[in-house]
1. When you scan the range 98-114, how many residues do you find that are surrounded by 15 or more Cβ atoms within 10 Å (Cβ to Cβ), in a helix (DSSP H, G or I) and of a type in the set (Val, Ile, Thr)?
2. Of the residues Glu322, Glu313, Glu350, which is at negative phi, touching a Leu at 6+ places or on another chain (Cβ under 8 Å), at pLDDT 90 or above and charged (D, E, K, R)?
3. Quick check: is even one residue across the range 476-486 in the same structural domain as Val440 (by TED's automatic domain parsing), among the aliphatic types (A, V, I, L, M) and farther than 26 Å from Tyr362 by Cα?
4. State whether the residues of the range 345-366 include one that is of a type outside the set (Phe, Trp, Tyr), in a strand (DSSP E or B) and out of contact with any Pro (no Cβ under 9 Å at 6 or more places or on another chain).
5. Tell me, which strands (runs of 3 or more DSSP E) lie completely within the range 589-646 with 1 or more residues that are acidic (Asp, Glu), surrounded by 12 or more Cβ atoms within 10 Å (Cβ to Cβ) and at pLDDT 50 or above?
6. Can we say Asp213 is at pLDDT 60 or above and either exposed (fewer than 15 other Cβ atoms within 10 Å of the Cβ) or in a loop (DSSP other than H, G, I, E, B) (or both)?
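The values are calculated or read from the model by the stated rules, or taken from the named source; none is laboratory data. Keep in mind that this is a model prediction, so the values were computed, not measured. Backbone-built Cβ (ideal geometry, glycine too); neighbour counts: all protein chains shown.
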Amino acid sequence: MLDAFLELPRFQKRLISVVSDALFLFLALWAAFALRLEEPAWVPEARQIVASAITVGLTIGFFIKLGLYRAVIRYLGDEALLTIIYGVVLSSVTLIVLGYSLQAFVPRSVPVIYGSLAFLFVGGTRLGVRFIVNHPLQKAKERVAIVGAGETAMQLASAITQGIEYRPVVFIAFEESHHKTLVKGLPVVSLDHIEKAVSRHRAERILLALDEDSRVDRRSLVKRLERLSIPVQTVPSLKELVAGQARINDIRDLEIEDLLGRDPVTLDFKSVSQSLFEKAVMVTGAGGSIGSELCRQILQHKPKVLVLLEQSEFSLYAIERELNSISRVESIDVRIVPLLANAMSRKRVELAMRSLRIETVYHAAAYKHVPLVEHNMLEGVHNNVFGTLHVAEAAIAAGVERFVFISTDKAVRPTNVMGASKRMAELVLQGLAQRQSDTVFSMVRFGNVLGSSGSVVPLFRDQIRDGGPVTVTHPDIIRYFMTISEASQLVLQAGSMGKGGEVFVLDMGEPVRIAELARKMIHLMGLTEKTDDRPGGDIEIVFTGLRPGEKLYEELLIGDDPRGTDHPRIMMARELSMPWKEVEQVLNNLMRASHDFDCNEVLSILQQAPTGFTPDNGVADLLWFDGKGRLSVVSSEAGKVRRFPA
């Protein structure tokens, strides 16, 4: 019967509502007189019948005018209840006026009693129908617990209640004083009782809805949630909501950077702003994970011009569109120039710097995926070494004041071509810093960035969603991790501190064991690890062996005597450099070997330079000429290198 009613045409549903309201309004009028006169069998006089009929007719007209019958009952909200109140008040006033006009007997308390009963009948029937219609749908929704009881949590609860996937059943608050209170009709439980609350309310998922200014120890919170073995997800940040990049009910997997548990990075805003405000700034590799975040951070300091240099058309389109959206929403007046170009295009880059009068360059363009660079070593060396050289030379020729190079921890005692190429790029810039003094060169070195295009986190997440296994190269492998936002902010801070030729090293906190990171992600997605002791688990972790050029432990310093700086999270490395003439000779040799496609010679040159390069395997390039001019094709299945004649 309910289904038949729901399938009726909209006109018929409205007609039923009108007839129902008319009957209930007559009932409310009769009950008001009967209660006031204390006569259960009260029978109205003729004038009272006329006054009642006109009142009901006009009330239906009021409801129509106020739009009550346009409201969809299953989505009835506070506005509809306010509409009923307005209509009932007008109806009560109408009854009073008609009583005097028609000289009908209407005691003074009857309109008050009638108004109350009319609201209960008209509003109550709608709430009842809404409950009957929605209850089966609500029962079918997944039950979720919302961690947080602030504004973000309230918005999330309202949003998902109207959706079709989730049903909030309990709020988890951080203040003990909120324990056993009610918010939006839902119980609030303190964090200390989360295990009991999840079990009692049969929550199948946990949604984190923390306010931006929430001072919560996220690391301990995530550890606590991890033990519950149900999926943990989060909602977009306020910045994303403001920029229009997401909606409050866009539920997504927990940002794994919460596991780092560090205090937020604090910037010397004044010094950073002085180096960026009303300046012309260029970011190379602007569409990459680091480059794009640098652009977002730089935009907040209101430069005069922000030039986005990127070779990927789609990445450039995406970051330009996002930055323009942020500028529009936050009323930031910055000229954004999207420049489609390769860092190797020396003339085009120099022309852009000259014509736009660039004052600061952040060079983030690089090939950074270790195995891919190992298997395409000549392209990696060209992009990372000569790309950096060309952009730096263009900056000098164009009179750029400050040049900041984004380096990596893999440049320290490198065992792979990617790290060696980045260390060689550092030496190039140190040599250029000695050769001239007009452009201030500085380098910023840090480790893995969570969520970047080369991070293990997206890979692990995809593997878990696909049912596993999760592949980790070695059970003891550890890495330093930092969030994209943290790294970008510290890059800006370090860049503003450079005097010429320095290598700045960011404090990456405690190293993270990759296998443990994989286990945390499995647990936080509500699954269990499959082991010999637990053969019925969901996801297995498989160790595949170290890949070509991969180290068990990464380092950030070559020497052991770093100097402190004015910022507690930034150090200055004391490391070897080369005079420009020696750098130039190395570059010439590298260029000749690259033109000859002699990968062995390229490796040898990188080793002879003071890069500290000690490759742990031979040439792994997929296409290369040996010393006798013969082309070989390399197969790199499962990390093993085999050669075949081409």
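1. Final tally of qualifying residues: 2.
2. Details: Glu322 fails: touching a Leu at 6+ places or on another chain (Cβ under 8 Å); Glu350 fails: touching a Leu at 6+ places or on another chain (Cβ under 8 Å).
None of the others qualify; the one that does is Glu313.
3. As a first pass, look at the range 476-486 and keep what is in the same structural domain as Val440 (by TED's automatic domain parsing): 476-486.
So of that shortlist, the ones also among the aliphatic types (A, V, I, L, M) come out as 477-478, 482, 484.
Of the ones still in play, those that are also farther than 26 Å from Tyr362 by Cα are 477-478.
The answer is yes, given that some residue of the range 476-486 is in the same structural domain as Val440 (by TED's automatic domain parsing), among the aliphatic types (A, V, I, L, M) and farther than 26 Å from Tyr362 by Cα.
4. First, pick out the residues of the range 345-366 that are of a type outside the set (Phe, Trp, Tyr): 345-361, 363-366.
After this cut, where a residue has to be in a strand (DSSP E or B) as well, the list is 360-361, 363.
Narrowing further to those that are out of contact with any Pro (no Cβ under 9 Å at 6 or more places or on another chain): 361, 363.
Yes; the residues of the range 345-366 include at least one that is of a type outside the set (Phe, Trp, Tyr), in a strand (DSSP E or B) and out of contact with any Pro (no Cβ under 9 Å at 6 or more places or on another chain).
5. On the way: elements: 623-625, 631-635, 642-645.
Filter on the range 589-646 gives an empty set.
6. Values: at pLDDT 60 or above: yes; either exposed (fewer than 15 other Cβ atoms within 10 Å of the Cβ) or in a loop (DSSP other than H, G, I, E, B) (or both): yes.
In short, yes.
Residues are listed down the side, and each one gets a yes or a no for (1) touching an Asp or Glu at 6+ places or on another chain (Cβ under 9 Å); (2) surrounded by 17 or more Cβ atoms within 10 Å (Cβ to Cβ); (3) at pLDDT below 60; (4) farther than 18 Å from Val329 by Cβ:
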residue: Arg227; (1), (2), (3), (4): yes, no, no, yes
residue: Val232; (1), (2), (3), (4): yes, yes, no, yes
residue: Ile251; (1), (2), (3), (4): yes, yes, no, yes
residue: Ser271; (1), (2), (3), (4): yes, no, no, yes
residue: Phe277; (1), (2), (3), (4): no, no, no, yes
residue: Leu294; (1), (2), (3), (4): no, yes, no, yes
residue: His301; (1), (2), (3), (4): no, yes, no, no
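Residues checked against (1) modelled with pLDDT under 90; (2) in contact with a helix residue (DSSP H, G or I) (Cβ under 6 Å, 6 or more places away or on another chain); (3) assigned to a helix (DSSP H, G or I):
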position	(1), (2), (3)
His382	no, no, yes
Thr388	no, yes, yes
Ala394	no, yes, yes
Val404	no, yes, no
Arg413	yes, no, no
Met418	no, yes, yes
Ser421	no, yes, yes
Val428	no, yes, yes
Asp438	no, no, no
